[in-house]
Amino acid sequence: MNLSETNSSFDVAIIGAGPVGLACALEVQRRGLSAVVLDKGALVNSLVGYPTNMEFFSTPELLEIGGHPMATLHYKPLREDALDYYRRVAQAENLTLRLYERVIGLEGEQGSFTVVTDKARLQTRFVIVATGFYDLPNYLNVAGEDLPHVSHYYKEPYAHADQDVVIIGAKNSAAKAALQLMRAGARPTLLVRGPDIPESVKYWIRPDLVNRIKEGRIGALFNTTVTSITPGAVEVSTPEGPRTLPAQFVYALTGYHPDFSFLAALGINCGSDAAQTPSHDAETLETNRPGLYLAGTVCGGRNTSRWFIENGRYHAQLIAARLAGETAPALPEVLQPVQL
């Protein structure tokens, strides 16, 4: 909807227009409550930032929300399939969206909150935070990390043909980037802190990467850390001593984390544990601030692999049922959170 079509008062405000945020809105609406979804960026903004033609690790039915089937020709949907799907769901459910509108504060208390954005002040009884984690990279904190040829987001390989490209990291995103870059004519080198490619890399990706490294088509340095980045090189520390690697482009694919300063601005406490887990009741998902809930990946703090679309979408049903005074549905075993 356009802003002119929305009201300034809602039963529930959802911060974050990703798949879980959209699921929260449609579940709330189906229970007769009004909802508004706010996002500082585009609809499903994180998916917009994913690599071109990225293949999800999940099958379509595990990405579906609200009972809407995901139509795709692929066994595992592509980024573009998901972008089209979630847009269509938002339209079909007639969700009230306020995109490119940043939330900057939350005033009041349960039953009488005011969500303060950079464009308006919205009244609401309850608030759900479903902001994910993809917007904030885990920085290396080394000199040169802010140079223009360094990125924490990989999109596609085609601009890097006949170029030296250093990829920092060894999880799925780094592995797939290295393979794509090699096949597009680049000269990729993978920098790995550990002694080997982790076993956690998907079983159909890891053997391909390991064999390409053995062939010499992808360079790899293990037990290696970056000490600095210059306009044409990456300085590293290896077990054999320091080395200088040529690099016209650098992808630091070292993971991402939630916006803890934003959570604090909303009044949500975060733990002192390694994951900085945001304070919330595991059964109800209500935070330390009554009437303010968490949904999706943000619940895990820095443990970003604990919750994802497949099991995070359940949060929408749980919270919506609670706000409507219903009994929350049982969590299906297949959707239990990943134990770390």
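The values are calculated or read from the model by the stated rules, or taken from the named source; none is laboratory data. Predicted model only: the values in this text are computed from it and were never measured. So basically every Cβ, Gly included, is an ideal-geometry build from the backbone, and we count neighbours across all protein chains shown. Quick note on the areas: whole protein, heavy atoms, side chains included, nothing else; ligands and nucleic acids left out. Shrake-Rupley method; radii C 1.70, N 1.55, O 1.52, S 1.80 Å.
Using only Cα atoms, locate the centre of the stretch 236-314 and the centre of the stretch 66-103, then give the distance between them in Å, rounded to an integer.
Result: 24 Å between the Cα centres.
Kirkwood hydrodynamic radius, the stretch 139-252, all distinct C-alpha pairs: what's the number in Å? Don't skip to the end; give the middle numbers.
Working: mean 1/r = 0.0719 Å⁻¹.
This gives a value of 13.9 Å.
Calculated FRET efficiency, N223 and S279, Cβ-Cβ r, R0 45 Å, to nearest 0.05?
Numbers: r = 37 Å, r/R0 = 0.82.
That pair, N223 with S279, gives E of 0.75.
Tell me, what is the percent relative contact order of the stretch 139-252, built from C-alpha pairs under 8 Å that lie six or more residues apart? Could the numbers behind the result be given before it?
Working: 229 pairs, mean separation 38.2, N = 114.
Dividing the mean separation by the residue count of the stretch 139-252 yields 33 percent.
Scan the stretch 177-250 for GluC sites (Glu not before Pro) in coil per DSSP, keeping those whose Cβ has at most 11 other Cβ atoms within 10 Å, and list them by number.
Working: sites: E199, E215, E235, E240; in loops: E199, E240.
Sparse-neighbourhood loop GluC sites (Glu not before Pro): E199, E240.
Can you tell me how the stretch 33-103 classifies by the Cα gyration tensor, rounded, prolate or oblate, using a/c under 1.5 as the rounded cut? Each step should come with its number before you reach the end.
Working: a/c = 2.74, a/b = 1.44, b/c = 1.91.
In terms of gyration-tensor shape, oblate.
Between rounded, prolate and oblate, where does the stretch 97-189 land on the alpha carbon gyration tensor, with a ≥ b ≥ c its root eigenvalues, rounded for a/c under 1.5, else prolate if a/b exceeds b/c? Don't skip to the answer; put the middle values down first.
Numbers: a/c = 3.30, a/b = 3.01, b/c = 1.10.
Taking the square roots of the gyration eigenvalues as a ≥ b ≥ c, the stretch 97-189 is prolate.
Between 0 and 90 degrees, rounded to the nearest ten: what's the tilt of helix 79-92 against the longest Cα principal axis of the chain?
10
If you restrict to DSSP beta bridges whose two residues both lie in the stretch 139-252, what percentage is antiparallel, to the nearest 5? Walk me through the numbers before you get to the answer.
Values: 11 of 26 bridges.
Within the stretch 139-252, antiparallel bridges account for around 40 percent of the total.
Using only Cα atoms, tell me the angle between helix 19-30 and the longest principal axis of the chain; keep it within 0 to 90° and round to the nearest 10.
Between helix and principal axis, roughly 10 degrees.
Can you work out the PRE-style zone for E80? Point 7 Å along Cα to Cβ, and I want the residues of the stretch 39-60 with backbone N under 20 Å.
What the label zone holds, given the 20 Å backbone N cut-off, is 43-60.
Which of these, A174, A92, A186, has the largest mean-square fluctuation under a Gaussian network model of the chain (Cα springs below 10 Å)?
Largest GNM mean-square fluctuation: A92.
Of the cross-linked pairs K40/K76; K40/K171; K171/K214; K40/K155; K76/K155, which ones have a Cα-Cα span greater than 25 Å in the structure shown?
K40/K76; K40/K171
Which whole-number percent gives the relative contact order of the chain, counting Cα pairs below 8 Å spaced six or more residues apart?
Values: 718 pairs, mean separation 62.6, N = 340.
That works out to 18 percent.
With the chain treated as a Gaussian network of Cα nodes joined by springs under 10 Å, which of G108, G16, G219 yields the largest mean-square fluctuation?
Highest fluctuation of the listed residues: G108.
When the chain is fully extended, how far beyond the present Cα-Cα distance does K155 get from I104, taking 0.36 nm per residue of separation? Mind dumping the intermediate values first?
Working: separation 51, 0.36 × 51 = 18.36 nm, distance 2.91 nm.
Answer, rounded to one decimal: 15.4 nm.
From the P(r) of the chain, can you give the percent of Cα pairs sitting at distances over 39 Å?
Working: 11430 of 57630 pairs.
The proportion of pairs with Cα distances above 39 Å equals 20 percent.
Could you do me a favour and compute the accessible area per residue for the chain, 1.4 Å probe, result in Å²? Kindly include the intermediate steps, with their values, before the conclusion.
Values: 15600 Å² over 340 residues.
Spelled out: the 1.4 Å probe surface of the chain, per residue, equals 46 Å².
Relative contact order, percent, of the stretch 98-177 when contacts are C-alpha pairs under 8 Å separated by at least 6 residues?
Numbers: 56 pairs, mean separation 11.8, N = 80.
That works out to 15 percent.
For the stretch 168-281, give the percent of accessible area contributed by carbon and sulfur heavy atoms, probe 1.4 Å, rounded to a whole number. Provide the component values of the computation, followed by the final result.
On the way: 2800 of 5480 Å².
Carbon with sulfur: 51 percent of the solvent-accessible area.
So for the pair A143, R183, with labels modelled 7 Å out along Cα→Cβ, what separation do we get in nm?
3.9
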